[in-house]
Amino acid sequence: MKKHFVRASVFMLVASLSLSSCVVAKKDYEELMARKNALEEDKALLEQQKTDLEQQKSTLEQQKAQLEQERAELEQQKAEYQASLAQALKEGKTLGENLNMSKSQIDKLNADLKVREQKLAELQRILDEKERAVKELRSRVSNALLGFNDKDLTVQVRNGKVYVSLAEQLLFNSGSTKVDPKGVDALKKLAQVLKEQKDVNVVVEGHTDDVPIAKGTVGMQDNWDLSVLRATEITRILTNAGVSPDRVTPSGRSLYVPLDEAKTKEARQKNRRTEIILTPKLDELFQILEAS
């Protein structure tokens, strides 16, 4: 009888442990699925923001090209008018006989030309100011990050923007999303500059190599997740250091924008990076283009 009682107790204990393990496993699974769904929503939002920014850039470039074309056409009309006037005076003909144009039409043409020249001059002034601002921003960022190795960190100007490129070895261990203390130090120094440059928008882009992440990595399905999570972690450090959150956009580019497409160890090391892109706001420029 005692033997049967002991055996029954053992069965009950095993059943209880199995039930507890299932409950814990189910809870972990639900937490991971919730985190995965949140990351997918963040990814969709960032892709939409990227599309919107590219459309705005394309519109700005088209409007600027149109203004330049209109200016060239008006300058050509002015030159033709001046040439015709000179020829008429030379031949002793009256203005009306040679140009078949009334004084009011000439005055209107000159007035329109003057207005467009003023708009183009204002546009050029703003573009020059933005160019000076970009150069000054690059100088300040470079000075703030002067103590870091060139192989770990570079500051460049491309397409009117300042690119701060930070190598993986400065920020993360392989496959990790936690920033190393040395990387935190660099990001805090950068944040001090950005706090003073309130007219600068910040995009944080995470980049990986083409090696898939290890299977079973918690919270990550692929290199998209890794690049987004790293960008989000860096964004968090910048905003915690005082940069206004509404100026910073984290994004992940995964393996699809490599610096070097070779399949070597050195190329992959170069591709594992984070780029912080600093862009001066162009509100004043957009206002002029919309008014025109």
> If one puts a single equal scatterer on every Cα of the range 169-289 and applies the Debye formula without solvent, what log₁₀ I(q)/I(0) results at q = 0.10, 0.11, 0.16, 0.20 Å⁻¹?
Replying inline: -0.34, -0.41, -0.79, -1.08
> Considering only protein heavy atoms, what per residue accessible area in square angstrom results for the range 155-262 with a 1.4 angstrom probe?
Replying inline: 48 Å²
>> For the ranges 149-159, 268-278, what's the packing order if you count other beta-carbon atoms within 10 Å of each residue, average per peptide, and put the highest first?
In response: 268-278, 149-159
>> At 1.567 mPa s and 4 °C, plugging the Kirkwood radius over alpha-carbon pairs of the range 138-213 into Stokes-Einstein gives what diffusion coefficient in µm²/s?
In response: 96 µm²/s
>> How many angstrom lie between the Cα centre of the range 149-179 and the Cα centre of the range 216-231?
In response: 18 Å
>> I'd like the per residue volume of the convex hull spanned by the Cα atoms of the range 224-264, given in cubic angstrom.
In response: 88 Å³
> Using the Karplus equation 6.51 cos²θ - 1.76 cosθ + 1.60 (θ = phi - 60°), what ³J(HN,Hα) coupling, rounded to whole Hz, does each residue of the range 156-166 give in order, writing x for Gly and Pro?
Replying inline: 9, 10, 9, 6, x, 10, 9, 9, 9, 9, 10
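The values are calculated or read from the model by the stated rules, or taken from the named source; none is laboratory data. None of these values were measured; they are calculated from a predicted model. Every residue, glycine among them, receives a Cβ derived from its backbone with ideal geometry; neighbour counts consider all protein chains shown. Please note that ligands, DNA and RNA were not included when accessible areas were found on the heavy atoms of the full protein model with its side chains. Shrake-Rupley method; radii C 1.70, N 1.55, O 1.52, S 1.80 Å.
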